[in-house]
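Below is one structure, written out as structure tokens, with a few remarks after it.
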């Protein structure tokens, strides 16, 4: 199929409005109580993965009778509202000291497992969920209560193989939606060297700072709600798992989302695939192995996708996750029901000081960014002055050379003879 089969401006899903409503807090009230998710942001436009995982599960829990809302980082220095039945924390830097004592707390360890395991207040949570059995075992070493394996999932209303019941045309090409947030991704070294039959279409955040290559067609990142159309148009989706996640087999949403849309993911991490029932997902570690995966015959690829797609639909939807965590949420609420008042004063102090430190770090970064911007401007100005100065010196040198040449000519014997002959000629013309 032609390159145009990968849309250059994929359309956003109509479900974007529903997600935005949950993020705004429009669905905070529910018959079973209110679950708030501690997240990095409540703005879907920022493209943060923790938010979309929280919104996906929240949407499924809403269908189970829960009220759902977000508790973004800019509010973490505030007391969590008393009407919060459960606080599900998605970020390891959140300190639960400002959560009411009667509110159940859940730590959902999606990645950065090693950092979570070092938190001195991890035991304060009423429930801890890990994204893989390896992560569960790591966390169990420091906890005196069971840890449940709760991988992330996919919203099957959003990520589908068809639109309005009709299948959409699919190319044979590969895409990747790995984001570049400033730190170099491991997959970038591979993408610089890969040479597939057709370039991999890379929808990259901060694409202007990403180095292109012959094997990659760079495009700006698209919104989360346009990803389904991108994945439905592709045969393969190249995935990259960061090292702290790969260590414990806590895999990406991209794995589930691409398969839900009927595209085959090709990933950098084999650990964790078996327990998810996704054995057979191609794995690469260099350009050659990626090229081999992308050269898979179409019939083989289609059969593999059909099998893996069925596993995702059956086991890995957020609806399935909501049903799975229902008993865990009920147990956490029961455990918290006997508490009242405020959290431990030391934990409250830690929460306030953690947010003070976060704000100090933010102001430092803003200040540093301002200083760096001033330095860049000074460098540009100095370079411009240097160019002008070089041009001035060059012009002065040319002027001085011309003056010396003129002086040499006017004082030469030849010039004096010619000047005298010119004077004689002028005198003769006057007669």
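The values are calculated or read from the model by the stated rules, or taken from the named source; none is laboratory data. Please read all numbers here as calculations on a predicted model, not as lab measurements. FYI the Cβ positions are ideal-geometry reconstructions off the backbone, even for glycines, and counts take in every protein chain you see.
Could you tell me which of the residues 154, 187, 207, 175 is more than 30 Å from residue 128 (Cβ to Cβ), at pLDDT 95 or above and within 19 Å of the chain's Cα centre (by Cα)? That would be 175, the only listed residue that is more than 30 Å from residue 128 (Cβ to Cβ), at pLDDT 95 or above and within 19 Å of the chain's Cα centre (by Cα). If the condition is being part of a helix (DSSP H, G or I) and more than 21 Å from residue 230 (Cβ to Cβ), then the stretch 3-41 contributes 21, 22, 23, 24. Residue 218 meets all of the listed conditions (1) surrounded by fewer than 19 Cβ atoms within 10 Å (Cβ to Cβ); (2) in contact with a strand residue (DSSP E or B) (Cβ under 6 Å, 6 or more places away or on another chain); (3) assigned to a loop (DSSP other than H, G, I, E, B) but one, namely (3). Restricting the stretch 174-197 to residues that are in contact with a helix residue (DSSP H, G or I) (Cβ under 7 Å, 6 or more places away or on another chain) and in a loop (DSSP other than H, G, I, E, B), which is surrounded by the fewest Cβ atoms within 10 Å (Cβ to Cβ)? Step by step, filter the stretch 174-197, then rank; the result is 195.
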